[in-house]
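A quick write-up on the structure given underneath.
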Amino acid sequence: MYRIMELIIVTNASKNRVAGWHYIDVQIEILRTYIRRARAKGSKYLSKRSHETAAKKLSEVGRILGGLINKTKGG
């Protein structure tokens, strides 16, 4: 998540924001995959509650990012 936060800061300061936002979107999807794997059957890396919290927060960041991308495409 810290790497994604760094990418957001760098992207917002750059001229080509849309490309940066798409890259961040890919990184969020990778992180989602890691979180799912950490909660997979037989795995004891994440509790159910921790998994739900992380998934909700990632979804919120993804929705915000999707809104930024769509806003830029439309305008």
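The values are calculated or read from the model by the stated rules, or taken from the named source; none is laboratory data. Predicted, not measured: the structure shown is a model, and the values here were computed from it. Please note: Cβ atoms are built from the backbone with ideal geometry, for glycine as well, and neighbour counts cover all protein chains shown. SASA here: full protein model, heavy atoms, side chains in, ligands and nucleic acids out. Shrake-Rupley method; radii C 1.70, N 1.55, O 1.52, S 1.80 Å.
Tell me, which residue of the range 37-75 that is under 15 Å from residue 1 (Cα atoms) and of a type in the set (Lys, Arg) is surrounded by the fewest Cβ atoms within 10 Å (Cβ to Cβ)? Selected residue: 56.
Among the residues of the range 18-44, those identified as among the charged types (D, E, K, R) and modelled with pLDDT of 90 or more are 25, 29, 32, 36, 37, 39.
Residues of the range 13-29 being open to solvent by less than 70 Å² (accessible area, probe 1.4 Å) and farther than 17 Å from residue 73 by Cβ, which ones?
Step one: filter the range 13-29 for residues open to solvent by less than 70 Å² (accessible area, probe 1.4 Å), giving 14, 18-21, 24-25, 27-28.
Result: 14, 27, 28.
Taking the range 2-29 as the range and being of a type in the set (A, V, I, L, M, F, W, C) and free of Cβ contacts under 8 Å to residues at least 40 places away in the same chain as the test, the residues that pass are 5, 7, 8, 9, 10, 13, 19, 26, 28.
Taken residue by residue, the range 56-75 has at least one member that is in contact with a Lys or Arg (Cβ under 8 Å, 6 or more places away or on another chain) and among the hydroxyl-bearing types (Ser, Thr, Tyr). For the range 30-59, filtered to residues that are touching a helix residue (DSSP H, G or I) at 6+ places or on another chain (Cβ under 6 Å) and not in a loop (DSSP other than H, G, I, E, B), the residue that is nearest to residue 72 (Cα to Cα) is 58. For the range 1-22, a residue qualifies if it is under 21 Å from residue 55 (Cβ atoms) and not aliphatic (A, V, I, L, M), and the qualifying residues are 2, 3, 21.
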